[in-house]
Amino acid sequence: MSEALDDEADAGPGYDPAGLRLRGRARLGGVAVALATVLPYEVVDGQPQFLWHLAGELGPAGLLAYLAPALAGLGIVAASFVVRRSATLALVVIGALAAAGVLIHLGADASAWDLVALPDAVGRSPLIPLLCLALTAAGSSLTFAERTRRAGQAVLIAAVVLAVGFYTWPGRGEAPIQAAVRLLGQVGDVPDWRFQLGFIIFAIILLWPALISLIGLVHLKIPAPDDQPLVGIVARYGLAALLGMLVFRGIPGAAQGWGTFHAIGAIVCLTGLVSLTAGALVVAIGTLAAPPGADAEADPRPAARRAGVFVLAAVVLVSGAQWVLARPPSKGVDWTLKAATPAGDALFSDTLMAWNRARLRWDRQARSASGAEALLAVKAAGRTLVDAAQAFDPSLAPAFERLTRESRDLGLAGRRWHRLVADVNEAIRAAGQPYYLDPTVLTLRGDGEARRHFRMRAYRVTRVRRFDVEGDAFATLHVDRIDGGTGASPLLGFSRDLQPFAIVLLPEIQSFQEELADGAAADPPTCLAGSGSDPNDEAEEIAADVCGKFLAKAVAELGAGLPAAAAAVVDRHELQHQIDGPVVPMAPLVAERLAHRGEEVRERVNRELSAYLAQLTADDAPPHLGAVQLARLAIGSRGRRIYPITGLLALEALTGHPTLLDSGPVGDGLAQALSEISADSPDALRARARAAWARQYGADLPAIVAQDVVSP
Amino acid sequence: MKDTDIAGMGEEPEYRPRSKAPLAIALLVVLLGGGGWFAWKAMTTTDPFRVLVAIDFEGQWFEGSKPAARLVDDLNSQLEGLGFDVVRGGDPAVLAVLEDNAGDLLAAARKLKASYLIGGRVAVERVQHEVADGGYTEVRANAGIELQHVDDATPAKMAIQSWSGARDPERALMLLADGVFARKIGAAVVPALVDHPTLAPKLRGDGADKKAMDAKTTAKLRKAEAYVQARGQALSTAAKAYAAFRLRRLEDEKGPRPVSYHGTTAEEDGLIGTGPDGFLVKTADEELYVNPESSQMRRLEAMEGLVWKRPDDQGTVVRPLWTGYNIYSYPGVTADGGVAALVEDLFGWAKTVTLIGRDGKFQRLRVDPKHRYSNLTPSPTGKAVAFYDRECRRCEDTLVVLDAAGKPRFQADREGGRFEGYAWLDDDRLVVMHTPATRLGGEPPVDDEEGEEEEDGGAEAAAAGDAPPTRMFDGVDQTIWLLDIRNSTVVPQSLYVVDEGQSLAWVRASRDGGKVAFSGRNQDGPAIAVLDVEARVMTFIPTPGPTEAPVFSPDGASVAFNVWPRGQGRDAEIGLAPAAGGEVTVLTDNPHDDRYPHFSHDGQRIFFESRGDDPNFPRKRNISFIASVAVAP
């Protein structure tokens, strides 16, 4: 690339302080940016967790995103030695950082579909505020020279515009400016001046990019006295100084070690990023956005433009490749189901689970102790399993052999576990056997590491329902659990983004519909039978009465069709999860009502809200049955957990009656919402749900066409 | 020079920068060389604290032996607890290396970065007991454990024994691999590791050796070193306590004859008899063990045994006759030591009647899960054995005589009364002392439909060839009976009826069968009684206190016994009396318990058990070692 970019290298640069500075910063800043990849992404019990701990868990797009800072940083360092023109180097720097940003963004989205999301330290770094700082630093510097002053002023304005956008846009939660105002508003509530000072410092750090951007506007009126104005220096290093003070303050009181190292590394990294970006912008804008000075030997702009085209092409190419890698998994399944047999049940329940338990014991023992006996046990159990699979259906044996052999690895990553189990599932599906294995990975943090426990559950597939969703295939499996696991699942079904189908748990649905039938038969009817909840107040009692009445009506109308209808509601719910995937637009209602809750709560409620609203639109089930489920979640709750919050917000989204405030559930709102719903006909309620979904997610629910049901 | 300079003036000097390539190449070579050297060192250097355990126990664990795997896990756990870095067997990468280097474990150790290899082999002896349903498997392990540094030419060797048992043979092996065996191996191996010439100087030395390892590294093994020191100290203290106990015994002895002790004083031996080789004891040894966790001293039970020991200072083992889980009650042995008889307790599943020859070959005459056998007494030449047989815990004792092949020769119920002892006069005649039910305050058993029973004269009637009496021992008082078991119908003959005011216990016959000695008392007080079988005359020899366990000298001229002399506390001493009657000599005088005397084969000394409280485990364990005292002054 350097030869192509430097086709006029003979012209050589003249004395160019900005260019010289950029070259120096490219070397130091490049290394600093590359640090983001090699720094531990988190510290568990004082032990750092590095990239190599996670590498196996990330898909190609996620891994590329994780490596992006290192690739960009080292590329910049290399370019600083190879590329001779400052403008070209600046464009390479900007291009490398932009490409890294795109890689990270797409990789973070892609890894959300995967088992393990990209660590927040990489996937959710605050690039926009850092860009504000870099623009301010660059803009203030550019105002020094007459030739670049106007461009510099434009850059300063751009920094402010970007800052305003960043601070006022709530994104997927609370807008940063709201958070800062809230923080400052609480200063008077804390008892000690040291806490007050702490709150103020945190608010200053939060608002720092905005403050610096605003201060940078000074140079709209007063040009910078030199090409290294104070505002630029503060923009580049001020945040690092502030954060450095906090780290320094924390050292005496904190257990030193990787935590401190990690914090210092992060400061170095962000400082390098800001400084590098600012330097590159100064050179690039100085070259491209303004005619050369009278003393210039030649106009460097044509060469810079050509370089820009090359860089842009490279960024597009890299981004395109990442876009391809980041495609979500395909959905839907073709499955010809044979009838279940006792031999199959025994293989997938007793034999397989015995191996899985042996593997789990070995995994635990081998990490904490010697584990030789456990290793022999898991080998023996593996042999038994493969032999049993061979006897049951020879076409399954190779997948089981691979599963047992390759999972005998203490470094087994979750992705590999899922792949191995997926291979078995694929062999099962290809053989038409009616079984499904659901792999799970539990991550437990402690003892200085994040330990993963690899488990699976075994299900007998009763039927496969296939759907066409606006041209895309989707599916749900109706299953019975056969692995002898203890305790009923609290869920009626589940959906994994990685899997091509959702799971509907028939035994749990059976229990659910029995509870509904009991509630409908009660006098007066109640929809709380078996839920373990009691109304919090009189208003909620009214809500429960209303709910009981429309439950009784729905059950009476359904008669023997109740189990099928209950399954259809769950089917539609889980199908919506499959359609949504992990990245769902943030519902305004969720963003507003849960602004102060944790991000994870917000995200999970947002996903569940989509599915709960969608389940009311199922054509093959009365929507009031789905509304009963919302009422069971909402009535009697404290509004603190995911599902009750979702139930409350779903009812509010449907009717507009407030059901959840900061103080907790609103009984009156709940009663009014259920009363309003009860008056709806089934079609009216479906339409109401569709409208609510559209309001919250900014689009219409996709049209779903049930295709066929595959049964043994 | 100047000309040249002048000539050169005005020309632009050519500037040729010195090429940096050679320097760069040299630097690269140095870097690559250094990196390669470090890489090579990193790949080949072993960790000074890393240990590979690979003991062949029914095969190696990496070959699939489960007991070996369990043993490895247990040992690894012990070693890790003490700070060693072990090669963990659960790692499949380790398994792969071991499978690839199965024939050369030292090479495997090197590849796994281990500096030490704990290897060797466990020889397993399986003893199948046909008891219970499906039998019971006893396993005995003789481990030859080897410890070797990867650079050592030869390993250090350690021998360790252990045992276990279970109905399922595989479970027996797994139980063996658990716990005690591994602890014994650990207790032997850890000191050997810490004291190994490659490690000890680094841990304990100073100067270069100490500096060779940084403090953090050596600190890892501080616990191991502390354990080894604590263990050494504890064992040394225990040994000193036993030695002191022995000295104290000697000092405490105030008797008229010098007493010799034949043991370490840590034994819990029961004296069975004597023979040309020395004395026969039943052993119940316990091995001292120091727990690495608590540094507390514990006892690990060894198998029990029947052992001939030499009467030297230490009581050296001459010949083990038998070892097993448990010996139930005291075994018996013929006067010449040729045949022993014992009751084996087969792990609680059954009891046996076992005869053991001089060569150690044994024969189980009876094996039964319910019957309880006791007081096994072989006949003088070992052709028969007499014993009590109780069918259940609350059942009556039956006196049974079997021949050496296990064929029943005689059997008699106690008939509601009580057998007080018996002794062989020869291979066919037994003297039996029986106390009838009426003397015990009970009613004699009803033998026939009418409830009638003969009051007396039964013996005479039988002798006259009439129908045998319904009760064999039909005396009204404690009676000494003579049983001649050669006849198909055994009719007891009354040798002596114990008078009012007399009581007898313990029955021991002289070697020639002419006399029988008893502990007892008569109207004058405690006495040793000697019965002349032929003359049916009982001689009471007054003793200075109550007695027990009389035994004849080989020539039958003297009787030794343990006696509690009045006024000398509650500890028994060894007494000696002429069998024909005369003055009793108390041969020992000490504040300890001396009991169960046996004359030496030549009759010159009397061996006995000297008992006491274990000085290292007071009030928790009794010790019993063998002592002897000269008969003649």
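The values are calculated or read from the model by the stated rules, or taken from the named source; none is laboratory data. Every value quoted in this text rests on a predicted model; they were computed, and no experiment measured them. Virtual Cβ from ideal backbone geometry, glycine too; neighbours counted across all protein chains shown.
Before moving on, here are some points about what is shown:
- Residues of segment B:520-536 satisfying the condition of being within 15 Å of B:Ala505 (Cα to Cα) and of a type in the set (Gly, Ala, Ser): B:Gly520, B:Gly525, B:Ala527, B:Ala529
- Filtering segment A:131-146 to residues that are under 12 Å from A:Val282 (Cα atoms) and either modelled with pLDDT under 90 or not aliphatic (A, V, I, L, M) (or both) leaves A:Thr136, A:Gly139, A:Ser140, A:Ser141, A:Thr143, A:Phe144, A:Ala145.
- All positions within segment B:303-318 that are buried (at least 16 other Cβ atoms within 10 Å of the Cβ) and within 14 Å of the chain's Cα centre (by Cα): B:Met303, B:Glu304, B:Gly305, B:Leu306, B:Val307, B:Trp308, B:Lys309
Condition check ((1) of a type outside the set (D, E, K, R); (2) crowded, with 20+ Cβ neighbours inside 10 Å; (3) farther than 30 Å from A:Ala99 by Cβ; (4) touching a strand residue (DSSP E or B) at 6+ places or on another chain (Cβ under 8 Å)) across all residues:
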position: A:Arg301; (1), (2), (3), (4): no, no, no, no
position: A:Ala313; (1), (2), (3), (4): yes, no, no, no
position: A:Pro329; (1), (2), (3), (4): yes, no, no, no
position: A:Leu337; (1), (2), (3), (4): yes, no, yes, yes
position: A:Pro394; (1), (2), (3), (4): yes, no, yes, no
position: A:Phe400; (1), (2), (3), (4): yes, yes, yes, no
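- For B:Pro155, the conditions (1) touching a residue at least 40 places away in the same chain (Cβ under 8 Å); (2) surrounded by fewer than 22 Cβ atoms within 10 Å (Cβ to Cβ); (3) away from chain A (no Cβ under 14 Å) all hold with the exception of (1).
- Being in a loop (DSSP other than H, G, I, E, B), touching a Phe, Trp or Tyr at 6+ places or on another chain (Cβ under 6 Å), more than 30 Å from B:Met297 (Cβ to Cβ) and touching a residue at least 12 places away in the same chain (Cβ under 8 Å) holds for only one residue in B:Gly545, B:Gly603, and it is B:Gly545.
- Qualifying residues in segment B:77-95 (those that are more than 8 Å from chain A (Cβ to nearest Cβ) and in contact with a Lys or Arg (Cβ under 7 Å, 6 or more places away or on another chain)) - the one farthest from B:Arg222 (Cα to Cα): B:Val94
- Of all residues making up segment A:642-684, the number that are out of contact with any Ser or Thr (no Cβ under 8 Å at 6 or more places or on another chain), closer than 19 Å to A:Cys527 by Cα, in a helix (DSSP H, G or I) and of a type in the set (Gly, Ala, Ser): 5
- Condition check for A:Glu557: under 19 Å from the mean Cα position of the chain (by Cα), of a type in the set (D, E, K, R) and surrounded by fewer than 24 Cβ atoms within 10 Å (Cβ to Cβ): no
- Residues of segment B:96-133 classified as within 14 Å of chain A (Cβ to nearest Cβ), among the β-branched types (Val, Ile, Thr) and assigned to a strand (DSSP E or B), total: 1
- Scope segment B:28-76; condition within 18 Å of A:Leu375 (Cβ to Cβ), of a type outside the set (Val, Ile, Thr), outside any helix (DSSP H, G or I) and more than 9 Å from every other protein chain (Cβ to nearest Cβ); matching residues: B:Leu52, B:Ala54, B:Asp56, B:Phe57, B:Glu58, B:Gly59, B:Gln60
- Test: residue in segment A:422-429 that is away from chain B (no Cβ under 14 Å), surrounded by fewer than 16 Cβ atoms within 10 Å (Cβ to Cβ) and within 30 Å of the chain's Cα centre (by Cα): yes
- Answer from B:Gly64, B:Gly59, B:Gly89 - the residue that is over 27 Å from the mean Cα position of the chain (by Cα), more than 21 Å from B:Asp195 (Cβ to Cβ) and crowded, with 22+ Cβ neighbours inside 10 Å: B:Gly89
- B:Glu583 being outside any strand (DSSP E or B) and farther than 29 Å from B:Asp413 by Cβ: yes
- A single entry from A:Pro170, A:Pro225 fulfils the requirement of being part of a loop (DSSP other than H, G, I, E, B) and out of contact with any helix residue (DSSP H, G or I) (no Cβ under 9 Å at 6 or more places or on another chain): A:Pro225.
- Taken as a whole, the structure leaves A:Val504 outside the set of residues that are modelled with pLDDT of 90 or more, surrounded by 21 or more Cβ atoms within 10 Å (Cβ to Cβ) and closer than 14 Å to A:Gly626 by Cα.
- If the condition is being part of a strand (DSSP E or B) and farther than 17 Å from B:Leu288 by Cβ, then segment B:148-192 contributes B:Gln148, B:His149, B:Ala156, B:Lys157, B:Trp163, B:Ser164, B:Gly165, B:Ala166.
- Selection from segment A:58-89 of residues that are over 16 Å from A:Val31 (Cα atoms) and buried (at least 24 other Cβ atoms within 10 Å of the Cβ): A:Leu58, A:Ala61, A:Gly62, A:Ala65, A:Val83, A:Arg85, A:Ser86, A:Ala87, A:Thr88
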